[in-house]
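Worksheet: one structure, shown below.
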Amino acid sequence: MNYANIKTCDIANGVGVRTSLFVSGCTHHCPGCFNAPAQDFRYGKPFTRETEDFLLAELGKTYVAGLTLLGGEPFEPENQRALLPFVRRVRTECPGKTVWAFSGYTWEELTGESRAHCEVTDALVSLVDVLVDGEFVEAQKDISLRFRGSANQRLIDVPASLRERAIIPWNG
């Protein structure tokens, strides 16, 4: 997996100061995408153990609330396979930090049969606290929405949704 960017003091992609990893690769190709260069799976730099260590050091800072995964598309199957071991490390080495993920795939696609669902999807989804789901739709663009680019996107409380087996909106 490659990554397009890392932001160590991101306040736009989740609650609090966050360390954000923008992965490379996305098959959605949403018109108006804010990060079109990251749609290419070869864009950016290789995601290595050193990259993981750097991110974990940033997440260890007391003022950082957690990790945000976005892209590109973190839930492309090839990206999921690389992210799962890393997010497991985050959960082990940085207890108390939240994990947010932004995906063009919907909750239904990630938890059911779809081109996004692979052998690691359920495990990766279970490690996420808040999922912002759905493709960016330019006709529904709304810059007043909190943590979303278009009105069709949802903020989902993942632990509650898994527990209740129904989509539970995040209301943080």
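Brief remarks follow.
- Amide H contacts under 5 Å for I168, placed H, 5+ residues apart: D157, S161
- Highest-first packing order for the peptide set 38-51, 147-160 is 147-160, 38-51, based on the mean count of other beta carbon atoms within 10 Å.
- Radius of gyration over Kirkwood radius for region 2-164, both on Cα atoms: the Rg/Rh ratio is 0.93.
- Only Lys, Arg (+1) and Asp, Glu (-1) charged, at Cβ; region 1-68 dipole about Cα centre in debye: 60
- Antiparallel bridge percentage (DSSP; both residues within the chain; nearest 5): 45
- Derived scalar couplings between HN and Hα for region 160-169 equal 5, 5, 5, 5, 8, 6, 7, 6, 10, x Hz in order, rounded to whole Hz, by the Karplus curve 6.51 cos²θ - 1.76 cosθ + 1.60 (θ = phi - 60°), x for Gly and Pro.
- Couplings 3J(HN,Hα) of region 150-155, computed from phi: 9, 5, 6, 6, 10, 9 Hz, in residue order, whole Hz [Karplus 6.51 cos²θ - 1.76 cosθ + 1.60, θ = phi - 60°; x for Gly and Pro].
- For region 2-164, the relative contact order comes to 20 percent (Cα pairs under 8 Å, sequence separation of at least 6).
- Nonlocal amide H pairs with N5, under 5 Å, H built at 1.01 Å: F22
- When +1 charges are put on Lys and Arg Cβ atoms and -1 charges on Asp and Glu Cβ atoms, the dipole computed for region 2-164 relative to its Cα centre reaches about 500 debye.
- Helical content alone sets the calculated 222 nm signal of the chain at -7500 deg cm²/dmol, taking -39,500 (n - 2.57) per DSSP H segment of four or more residues and averaging over every residue.
- Residue-wise HN-Hα coupling along region 106-122, computed from phi with Karplus coefficients 6.51, -1.76, 1.60 (Hz; x: Gly, Pro): 8, 3, 4, 5, 6, 9, x, 7, 6, 5, 7, 7, 9, 5, 10, 4, 4
Each value in this text was obtained by applying a stated rule to the coordinates, not by laboratory testing. Just so it is clear, the model here is predicted, and its values are computed rather than measured. Reconstructed Cβ throughout: ideal geometry from the backbone, glycine too, with neighbour counts over all protein chains shown.
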